[in-house]
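The values are calculated or read from the model by the stated rules, or taken from the named source; none is laboratory data. Model, not experiment: these values are computed from the prediction. Here the Cβ positions follow ideal geometry from the backbone for every residue, glycine too, while neighbour counts run over all protein chains shown.
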Amino acid sequence: MKEAMATPNKQGGGTWKKLKSQWTLQLMILPCIAFLIVFAYIPLAGNIIAFQNFKITSGFTGSEFVGLGHFAEMLRDPTFHQAMKNTVLLSLLYLLVVFPMPLLFALLINEIPFRRFRKLVQTTSYLPHFIAFAMVASMWIILLDPKGLVNETMQLLHLIRHPIEFWTEPGLFRPLSTLISIWKETGWGAIIFLAAIAGIQPDLYEAAMIDGAGRIKRIVHITLPNLVPLFAMLFILKAGTLFTGNLDHSILLGNSFNKDTSYVIEYYSLQMGLELTRYSYATAISSFQALMSLLLVLFANWFSGRVSGNRLF
Amino acid sequence: MRSYIKLTREDRIVNATVTIFGIVAFLATFYPLYYLLIYSLNDPVDAAGGGLYWFPRQFTFDNYAVIFRDEQLLNSFLLTVARTALGTLTGVLFTAMGAYALSKSRLVFRKTYSMIGLVTMYVSGGLIPTYLLLQKLHLLNTFWVYIIPSLFNIFNALLFMAFFRQLPEELEESAKVDGSGDFYIFARIILPLSKPVLATVALFVAVNHWNDWFSSAYFVSNQQLWTLPTIIVRMLSDTAIIENMQSLPPNMRMDPLSTLMAIKYATLIVTVLPITLVYPFIQKYFVQGMMVGAIKA
């Protein structure tokens, strides 16, 4: 179908004439469309191998069809359940703890009374967003090493007697992953809220001040209510990622000791596929997850439309 | 702004609280990076003794000397620079070109093209089919696997389109009268006028290329072609560093564990420093781009 649209020969005469007059314009867009067909639609169609026993030698067309066999195996697989549980728990933690941070941070920044200091805090806070996660992970792994800065400082302050093994304790993975997410993305995420705060009518504040509202009252009754719609919209969007695991954290912060909590669906699919070359099984896992996510996004969009009248698409 | 108004008790309390939290936030962001720097500039054995908080105690460049003697690291550094330069140039121009055509309402089949693009924002193929595709295209294990799959990006295309739409129509019309073709108009008139959006998108794309760790790790098995973040992750695993131990100068071989630690810190600084140094000058473009994106959404 898409092929037919991309090479429109059988169109009416008027269209043909128009096409001829704008052929350079068409030549500018067609490479992009070809790109999308190759790099987005072909892999999408490639999900068909989840229903096959795919072998590289037989290809997409020659491989044997096994129906829902891989999905049935997946649902019986304890590792899958563990990975799914880890994925959802981590996402929930992000949603409840990491997600509100940019809003709080924007409120904080906005109240800082000294202009230069405000700029300094704000500008510094974006920086971690631009450092590769591979670097951020490595940095925190060594800072939280038993002999690293954090343990050293805590011992110096007599908070602990013996160093904490942060990275080998499965119970600590989720809190650490959450904290590192906060460290990396809070400042960047606050930009959108700061923009929204900048858009609030100044006379609202002036009127409130004349009425005798103090700083806290102005924050609670003017700034915060003005940010709620944006926050709600972003929250719904974010809720759509409940089944999406954080592959970076899982691979780079995870290890064989904390695997019980750090192993997420994406990593499982990746190891099944690229390390064990069980392509079909790995694709069954990832396409199941993608389907769940898509349904969740559609539901979230519908829900958002019902509640606030705002649909995203 | 409010300086002429007498501060109330509440104002003072709020000011003090936010200032304290601001300082905490600033230190929490900045200090870990600063600590890496001082640790890496200190003698490894001395640093392992602890108590290093503000300045290097026994200043040395030895840790860096070890890194820069590592050929693999130097090689991957140059490779990453090449990848970022080429990937950014091609990715930005390819996307801008498509976005320009798509921003013209007279484009035939515009709705269809837009649909094809928008669908990819919500569903994507998944890792394994993508891997198999790259294999089929003989892109695995080549330099081009870094460049070609990221030629076009739909989100950046939306940024471009938002910008192109608000350029005055007359620009194009007057050029048309002079007999210029669409591509000429795009390349010679539109692009030079689009510096802000080009800068923004270029920076987004460049950061993605510079930071990409995944492509090398899973699509390229030849370590000669690995980019910097992937090499670093591997180097920071202890086994890899111990392998490199043989190349250490004798004085550092005395206390290998401490030396290892210091080299890790130095390696991180070498990779994080470039972005940290250019960051103050480019951050306004990022923020600009973020704002445009936010307004669109």
- prompt: Which of (1) facing chain B (nearest Cβ under 7 Å); (2) surrounded by fewer than 17 Cβ atoms within 10 Å (Cβ to Cβ) does A:PRO113 not meet, given it meets every other one?
  reply: (2)
message: Give me the residue from segment A:169-195 that is within 14 Å of chain B (Cβ to nearest Cβ) and β-branched (Val, Ile, Thr) and, out of that set, farthest from B:ALA25 (Cα to Cα).
response: A:ILE192
Residue list for segment B:123-136, filter: aliphatic (A, V, I, L, M) and within 8 Å of chain A (Cβ to nearest Cβ): B:VAL123, B:LEU127, B:ILE128, B:LEU132, B:LEU133
- prompt: So which pairs qualify, if the first residue must be in segment B:221-236 and under 25 Å from A:TRP140 (Cβ atoms) and facing another protein chain (nearest Cβ under 8 Å), the second must be of a type in the set (Lys, Arg) and crowded, with 20+ Cβ neighbours inside 10 Å, the Cβ gap must be under 6 Å, and the two must be at least 6 apart or on different chains?
  reply: B:LEU236/B:LYS264
task: Evaluate the following for B:PHE186: is it of a type in the set (Phe, Trp, Tyr) and surrounded by fewer than 19 Cβ atoms within 10 Å (Cβ to Cβ)?
output: no
query: Taking helices (runs of 4 or more DSSP H) that fall entirely within segment A:92-145, which contain at least 3 residues that are touching a residue at least 12 places away in the same chain (Cβ under 8 Å) and out of contact with any Gly (no Cβ under 8 Å at 6 or more places or on another chain)?
result: A:101-111, A:133-143
message: Can you say whether B:TYR64 is touching a Ser or Thr at 6+ places or on another chain (Cβ under 9 Å), free of Cβ contacts under 8 Å to residues at least 24 places away in the same chain and not hydrophobic (A, V, I, L, M, F, W, C), as far as the supplied structure shows?
response: no
query: Would you call B:ALA99 at pLDDT 90 or above and either touching a strand residue (DSSP E or B) at 6+ places or on another chain (Cβ under 9 Å) or in a helix (DSSP H, G or I) (or both)?
result: yes
- prompt: How do the helices (runs of 4 or more DSSP H) wholly within segment B:210-297 filter down when requiring 3 or more residues that are modelled with pLDDT of 65 or more: which remain?
  reply: B:214-219, B:228-236, B:256-296
message: So, A:PHE243, is that one under 30 Å from A:VAL150 (Cα atoms), outside any helix (DSSP H, G or I), more than 10 Å from chain B (Cβ to nearest Cβ) and in contact with a Ser or Thr (Cβ under 6 Å, 6 or more places away or on another chain) or not?
response: no
task: Take B:ALA47 and decide whether it is within 11 Å of chain A (Cβ to nearest Cβ), modelled with pLDDT under 85 and not in a loop (DSSP other than H, G, I, E, B).
output: yes
Complete set of residues in segment B:107-119 that are of a type outside the set (Ser, Thr, Tyr) and at the interface with chain A (Cβ under 7 Å from one of its Cβ atoms): B:LEU107, B:VAL108, B:PHE109, B:ILE116, B:GLY117
- prompt: In segment A:206-215, is there at least one residue being assigned to a helix (DSSP H, G or I), free of Cβ contacts under 8 Å to residues at least 24 places away in the same chain, of a type in the set (Asp, Glu) and more than 30 Å from A:GLY171 (Cβ to Cβ)?
  reply: yes
query: Out of curiosity, is A:PHE193 of a type outside the set (A, V, I, L, M) and in a loop (DSSP other than H, G, I, E, B)?
result: no
Count of segment A:120-160 residues which are of a type in the set (Ser, Thr, Tyr), within 7 Å of chain B (Cβ to nearest Cβ) and touching a Phe, Trp or Tyr at 6+ places or on another chain (Cβ under 9 Å): 4
query: Which of the residues that make up segment B:184-214 are in contact (Cβ under 8 Å) with a residue 40 or more places away in the chain and over 30 Å from B:ARG234 (Cβ atoms)?
result: B:PHE186, B:ILE190, B:LEU191, B:SER194, B:PRO196, B:VAL197, B:LEU198, B:ALA199, B:THR200, B:VAL201
query: For A:THR244, are the conditions met, namely being surrounded by 16 or more Cβ atoms within 10 Å (Cβ to Cβ), modelled with pLDDT of 90 or more and of a type outside the set (Phe, Trp, Tyr)?
result: no
- request: May I ask you to verify whether B:PRO168 is of a type outside the set (Phe, Trp, Tyr) and facing chain A (nearest Cβ under 7 Å)?
  value: no
field: Test: A:PHE39 is within 11 Å of chain B (Cβ to nearest Cβ), touching a helix residue (DSSP H, G or I) at 6+ places or on another chain (Cβ under 7 Å) and modelled with pLDDT under 90
entry: no
task: Evaluate the following for A:THR61: is it within 14 Å of chain B (Cβ to nearest Cβ), assigned to a helix (DSSP H, G or I), free of Cβ contacts under 8 Å to residues at least 12 places away in the same chain and out of contact with any helix residue (DSSP H, G or I) (no Cβ under 9 Å at 6 or more places or on another chain)?
output: yes
- prompt: What are the pairs, 6+ residues apart or on separate chains, where a residue within segment B:142-168 that is under 18 Å from B:SER124 (Cα atoms) has its Cβ under 9 Å from a residue that is of a type in the set (D, E, K, R) and buried (at least 20 other Cβ atoms within 10 Å of the Cβ)?
  reply: B:SER150/B:ASP212
task: From (1) away from every other protein chain (no Cβ under 14 Å); (2) in contact with a Ser or Thr (Cβ under 7 Å, 6 or more places away or on another chain); (3) farther than 22 Å from B:SER124 by Cβ, pick out the condition that doesn't hold for A:LYS85.
output: (2)
